[in-house]
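Asker: If you scroll down you'll find the structure; I have some questions about it.
Just so it is clear, none of the values below were taken in a lab; they were calculated from the coordinates. Here the structure is a predicted model, which means the values were calculated and not measured. Note that each Cβ is placed from the backbone with ideal geometry, even for glycine, and that neighbours are counted across all protein chains shown.
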Amino acid sequence: MSAYSELARVKIEKLRGRDDILTLGIESSCDETACAILRGREVLSSVIASQIDIHKRFGGVVPEIASRNHVTAIDGVVRSALDKAGVSLEDIEVIGVTYGAGLLGALLVGVSYAKALAYSLGIPLMAVNHIKGHVAVNYIADKLLTPPYVCLIASGGHTAVAYVKDWDELEILGSTQDDACGEAFDKIARVLGLSYPGGPAVEQLALSGKPVVKLPRPFKGIDTLDFSFSGIKTALINYVHNASVKGEEINRADIACSFQELVTDIMADNAVRAAKIKGCDRLVIAGGVGANGVLRNKVELRAKREGLSVYYPPIGLCTDNGVMIAAQAQCMIKAGRDCSDYDLDADASLTPED
Ligand code: KG4
Ligand code: ZN
């Protein structure tokens, strides 16, 4: 064990049981360089440098370009978060950093930066699972929320329903067998000629459409909590292709609306069924697709009918940010997890349960 690690371990033991830890969270897993500072569950600052405008022209995130832009942005983002919070680096008690899942090169920027910072300050470093961060941001949105509960994880890279047993422990009850829901939104957006990221663009277009395009519902008649979105995507691509071959006009808003209605229906259905199966009266939504208004309304409506309480973060905390990473670092401390040494590595294919 390194001298740094010994010191960090002594310090982390002193943090356990405290609910006012000054935590710095760093996120760089995809196309957002983000840093936030929390004092316990209170957000002191949150800074996000988005690369959306850079990647838009390519129709999606280009990993090498993302890594390079994280390198350029990260130091300024952290300094700006410290400034806005009105604290100095020396005040920070623990650092949380996303170490997976995500784009390897992008993750490595945050991990290297956070390791160097934690080492130079002699403070503990928590290696945060990005997906658990999406879940944990709900503790910031609702200061009274505690595990256990059932959670719908709806992000760009993952779709699952999970039973969140404890602060840093979850059990997957069902997950996607192919595309993630955010990925499906992004792919359909491309087919419809909308710009990246597809989710908000599809939601906007769907406002003026009707759900009149017939699409296949996956796992029809099968009792499962799993998801599948690739059949819906293929059916839509075929629909657009056939119309173009026949020279028929397509109504893009109707396509967007039909897709969104079916996908949000499936997600709301699985989430509410999972809560009932688990006998759990609290249902939480996590991840970027959780920003979708139709999804939020459907989950809320169905949950109400079943007597469940629903929790979801404000739209600004649904997609990637530093708050979620700082929040999960605090959950890990609560759960008695160890801090990392300076040999921490990024893990691009981390699963939500890791
Ligand atoms: O959770 P997230 O930041 O990414 C991962 O951790 O993977 O979510 C990004 C995804 C993108 O696919 C984006 O299109 C989708 O969330 N998204 C939405 C909306 N806002 C973002 N999907 C549907 N409706 C939205 N309003
Ligand atoms: Zn994310």
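Asker: What Kirkwood hydrodynamic radius do you get for segment 1-128 when you take the inverse of the mean 1/r over all pairs of distinct Cα atoms, in Å?
Answerer: For segment 1-128, the Kirkwood estimate is 15.1 Å.
Asker: Hey, another quick one. Which distance in Å, rounded to a whole number, links the C-alpha centroids of segment 258-283 and segment 44-99?
Answerer: When both Cα centres are located, 33 Å separates them.
Asker: Can you compute 3J(HN,Hα) from phi for each residue in segment 30-40, using the Karplus curve 6.51 cos²θ - 1.76 cosθ + 1.60 with θ = phi - 60°, rounded to whole Hz and x for Gly and Pro?
Answerer: Coupling constants for segment 30-40: 9, 10, 10, 9, 9, 9, 9, 10, 10, 10, x Hz.
Asker: Another question, if that's okay. Given 0.36 nm per residue, what is the gain on full extension from residue 177 to residue 345 after removing their alpha carbon distance, in nm?
Answerer: Extending this stretch completely gives an extra 57.7 nm.
Asker: For segment 179-201 and segment 339-354, what is the separation of their C-alpha centers, rounded to whole Å?
Answerer: If you average the Cα positions of each part, the centres end up 29 Å apart.
Asker: Here's another thing I want to ask about it. Looking at segment 240-354, what % of the alpha carbon pairs are farther apart than 22 Å?
Answerer: For segment 240-354, the fraction of Cα-Cα distances above 22 Å is 55 percent.
Asker: Could you derive backbone 3J(HN,Hα) for segment 91-97 from the dihedral phi with the Karplus parameters 6.51, -1.76 and 1.60 (θ = phi - 60°), listing whole Hz in sequence and x where the residue is Gly or Pro?
Answerer: With the stated coefficients, segment 91-97 comes to 7, 5, 9, 7, 10, x, 9 Hz.
Asker: Taking a point 7 angstrom from the Cα of residue 210 along the C-beta vector, which residues in segment 233-266 have backbone N less than 17 Å away?
Answerer: Counting backbone N atoms under 17 Å from the label point, the list is 249-262.
Asker: Still on this model: Just want the answer: with Cβ charges of +1 for Lys and Arg and -1 for Asp and Glu, which residue in 329, 247, 299 is farthest toward the dipole's positive end in segment 222-344?
Answerer: The Cα lying farthest towards the positive end belongs to 299.
Asker: Related question: Give, to the nearest whole percent, the P(r) tail of segment 147-313 beyond 20 angstrom, counting all Cα pairs.
Answerer: 49
Asker: While we're here: Can you list residues whose amide H is under 5 Å from residue 101's amide H, if they're 5+ apart or on another chain and H is modeled 1.01 Å from N?
Answerer: It is 130, 131, 350, by chain and number.
Asker: Quote the convex hull volume per residue of segment 297-354, based on C-alpha atoms, as a whole number of Å³.
Answerer: So the per-residue hull volume is 151 Å³.
Asker: Roughly what % of DSSP beta bridges within segment 147-313 run antiparallel, to the nearest 5?
Answerer: Taking every DSSP beta bridge with both residues in segment 147-313, the antiparallel ones total about 60 percent.
Asker: A further question on this structure: Mean residue ellipticity at 222 nm from the helices of the chain, using -39,500 (n - 2.57) per DSSP H segment of n ≥ 4 over the full residue count, to the nearest 500 deg cm²/dmol?
Answerer: Mean residue ellipticity at 222 nm (helix-derived): -14500 deg cm²/dmol.
Asker: So if we plug the beta-carbon distance of residue 169 and residue 143 into 1/(1 + (r/R0)^6) with R0 = 25 Å, what FRET efficiency do we get, rounded to 0.05?
Answerer: 0.75
Asker: Let me ask another. If I stretch the segment between residue 301 and residue 116 completely, what's the gain in nm (0.36 nm per residue apart, minus their alpha carbon distance), one decimal?
Answerer: Length difference between fully extended and current span is 61.9 nm.
Asker: Taking the number of other C-beta atoms within 10 Å as the exposure measure, put 196, 99 in order starting with the fewest.
Answerer: Exposure proxy ranking, most exposed first: 196, 99.
Asker: Right, next: Over 19 Å, how big is the tail of the calculated P(r) for segment 213-289, in percent of all Cα pairs?
Answerer: Result for the distance tail: 47 percent.
Asker: Could you run the Karplus curve 6.51 cos²θ - 1.76 cosθ + 1.60 with θ = phi - 60° over segment 47-55 and give me ³J(HN,Hα) per residue in whole Hz, x for Gly and Pro?
Answerer: Each residue's phi maps through the Karplus curve to give 10, 10, 9, 8, 9, 3, 5, 6, 7 Hz.
Asker: Please list, or write none, the lysines whose alpha carbon is within less than 29 Å of the alpha carbon of residue 304, excluding same-chain residues fewer than 8 places away.
Answerer: Correct list for residue 304: 132, 143, 165, 210, 214, 220, 276, 278.
Asker: Rounded to whole Å and sorted largest first, what semi-axes of the equivalent ellipsoid does the C-alpha gyration tensor of segment 181-240 yield via the square root of 5 times each eigenvalue?
Answerer: So the three semi-axes of segment 181-240 are 21, 13, 11 Å.
Asker: For the chain, give the share of DSSP beta bridges that are antiparallel, in percent and rounded to the nearest 5; count only bridges with both residues there.
Answerer: Here the antiparallel bridges make up roughly 60 percent for the chain.
Asker: Between beta-carbons, use under 15 Å as the cut-off and find the net charge around residue 193, counting Lys and Arg +1, Asp and Glu -1.
Answerer: +2
Asker: Under the Kirkwood approximation for Rh and a Cα-based Rg, what ratio Rg/Rh is obtained for the chain?
Answerer: For the chain, the value is 1.00.
Asker: A follow-up question, please. Quick one: which residues, 5 or more positions from residue 96 or on another chain, have an amide H under 5 Å from its amide H? H modelled 1.01 Å from N in the peptide plane, none for Pro or chain starts.
Answerer: 24, 25, 26, 126
Asker: Which cross-chain or sequence-distant (5 or more) residues have an amide H under 5 Å from the amide H of residue 284, H modelled 1.01 Å from N in plane?
Answerer: Those qualifying (amide H under 5 Å, at least 5 residues apart or on another chain) are 150, 151, 152, 311.
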